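To keep things clear, I will list the structure first and then write my remarks on it.
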Amino acid sequence: MTKIRSVVLGCGSYLPGQVVTNAQLAARIDTSDEWIVQRTGIRERHIAAEGEFTSHLAIKAAQAALSDAGVDAQSIELIVLATSTPDNTFPATAVTVQNGLGIHHGAAFDLQAVCSGFVFALATADNFLRSGAYKRALVIGAETFSRILDWNDRGTCVLFGDGAGAVVLEAQEQAGKTADRGVLTTHLRSDGRHKAKLFVDGGPSSTQTVGHLRMEGREVFKHAVGMITDVIVDAFEATGLNADSIDWFVPHQANKRIIDASAHKLHIAPQKVVLTVDRHGNTSAASIPLALSVARKDGRIKRGDLVLLEAMGGGFTWGSALVRW
Ligand SMILES: CC(C)(COP(=O)(O)OP(=O)(O)OC[C@H]1O[C@@H](n2cnc3c(N)ncnc32)[C@H](O)[C@@H]1OP(=O)(O)O)[C@@H](O)C(=O)NCCC(=O)NCCS
């Protein structure tokens, strides 16, 4: 019996040109390179230029992914774009991206799960492909978090950056074994009891303003490792795979200490961890496809490798995915 699997055909990313170092931030607010590096592992982040929107970053990342996959934009039937920083309250940024790519068929919509957005979008597209509804999809994570930061709040503004990443998925019939290519399993969770620990203090319905990101950093830190490891254990149990089977661990890039502690708890060897938080900061829904793109370009992730993705973010939301590349 054959099964439909969502196979990754290619990935791509885009970072805005402007790089802001910790030293540059320290010239503006009461912080230091030493404090930021020690607590987070972040050294620099990219910031979008004036007039450069989430959709602009997303279109460039999507074009890079299409080129890496070697497929024409017209073959894309579904676009799922994860973002918490859309160009406008509506329409969905995905529709602007769809139009920017010259696609006028199929469906395009945004998905909002904050930093877990890419894993939620991947799981959503995977389910549409496996149901037979669509054959090819673009899954994009794109953010301009610089626009929702309070640049006077040193507890949050040093942590985030802008960027976008994308993957092209294709529905393929195959035996569906764990050695076969594609998305093997996805596991999504959320718990709104934690919604006040990481949120934006504005919105169309509540304040009619965009608002700024607010966070109880210690509270987020306290829950992160347990939540991340829980959904990874779910992925291992669903597939019969384990930490030794993993070739690459590509976590959401929020904080090096959270990543290190999660890898340690799961017994994932440090050399298997893909780390980009030092250069990108936390780019929310964009961080995983940005990291995938870096590890593909430098030759680490190869066809047939087993790649473990995980993310945790505002809500809280959290999730994992196991992908045979
Ligand atoms: C944000 C985070 C780095 C702060 O580290 P922490 O060790 O918890 O630090 P605290 O918030 O308890 O603050 C400790 C001190 O550092 C200060 N501080 C906060 N930000 C600072 C900064 N950028 N530079 C210098 N000092 C800073 C605080 O004011 C506090 O000073 P005080 O003791 O005089 O009051 C950490 O909590 C964290 O990484 N949390 C998870 C955040 C995250 O990943 N969120 C996204 C999830 S998707």
Carbon plus sulfur fraction of accessible area for the stretch 182-324, probe 1.4 Å, in percent: 52
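With runs of 4+ DSSP H residues as the only contributors, calculate the mean residue ellipticity of the chain at 222 nm using -39,500 (n - 2.57) per run, divided by the residue total and rounded to the nearest 500.
On the way: 10 runs with 103 residues, N = 325.
Calculated mean residue ellipticity at 222 nm is -9500 deg cm²/dmol.
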message: Sort 108-116, 208-216, 47-55 by the packing proxy (mean of other Cβ within 10 Å over each peptide's residues), most packed first.
response: 108-116, 47-55, 208-216
- request: Would you mind pulling out the separation of the Cα centroids of the stretch 166-186 and the stretch 196-224, in Å?
  value: 35
- request: With a 1.4 Å probe and every protein chain left in place, work out the accessible area per residue of the chain in Å², rounded to a whole number.
  value: 42
- line: Which residues qualify? For LEU111, with a placed amide H closer than 5 Å and at least 5 residues away or on another chain, they are LEU81, ALA82, THR83
- prompt: Using the Cβ atoms and a cut-off under 12 Å, what net charge is assigned to the surroundings of THR93, where Lys and Arg are +1 and Asp and Glu are -1?
  reply: -3
task: Could you work out how far apart the two model spin labels at ASP305 and ASP180 are, taking each label as a point 7 Å from the Cα in the direction of the beta carbon, and quote it in nm?
output: 2.3
field: Computed magnitude of the charge dipole of the stretch 3-174 (debye, nearest 20; Cβ of K, R +1, Cβ of D, E -1)
entry: 380
statement: Hits for the chain under the membrane-span-like helix rule (DSSP H, Cα axial span at least 27 Å, Kyte-Doolittle mean at least 0.0) are 217-239
query: Ignoring any ligand, DNA or RNA, what whole percent of the accessible area of the stretch 1-110 comes from carbon and sulfur when the probe is 1.4 angstrom?
result: 51
message: Which order do the peptides 5-14, 288-297 come out in when sorted by mean C-beta neighbours inside 10 angstrom, highest first?
response: 288-297, 5-14
- request: Calculate, in nm to one decimal, what ARG218 and ALA243 gain on full extension: separation in residues at 0.36 nm each, minus their alpha carbon distance.
  value: 6.2 nm
statement: Per its Cα gyration tensor (rounded if a/c is under 1.5, else prolate when a/b beats b/c, else oblate), the stretch 76-233 is best filed as oblate
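Under a point-charge model restricted to the Cβ atoms of Lys and Arg (+1) and Asp and Glu (-1), what is the dipole moment magnitude of the chain relative to its Cα centre, in debye to the nearest 20?
Values: 32 positive and 33 negative charges, 103 e Å.
Charge dipole of the chain: 500 debye, to the nearest 20.
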field: Computed P(r) (all Cα pairs; the stretch 182-324; 5 Å bins; percent)
entry: 2, 10, 19, 22, 20, 13, 8, 5, 2, 1
- line: Under 5 Å from the placed amide H of PHE249, counting only residues 5+ away or on other chains, we find VAL273, VAL274, LEU308
- prompt: With Cβ to Cβ distances under 12 Å as the rule, what net charge do the other residues near ALA48 carry (K, R +1; D, E -1)?
  reply: -2
- request: Against the globular-protein guess of 2.2 N^0.38 Å, express the Cα radius of gyration of the chain as a ratio, rounded to two decimals.
  value: 0.93
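The values are calculated or read from the model by the stated rules, or taken from the named source; none is laboratory data. All figures in this text were calculated on a predicted structure; none of them were measured in a lab. Methodologically, a virtual Cβ is constructed for each residue, glycine included, from the backbone with ideal geometry; neighbour enumeration extends over all protein chains shown. Calculation scope for accessible area: heavy atoms of the full protein, side chains included, ligands and nucleic acids excluded. Shrake-Rupley method; radii C 1.70, N 1.55, O 1.52, S 1.80 Å.
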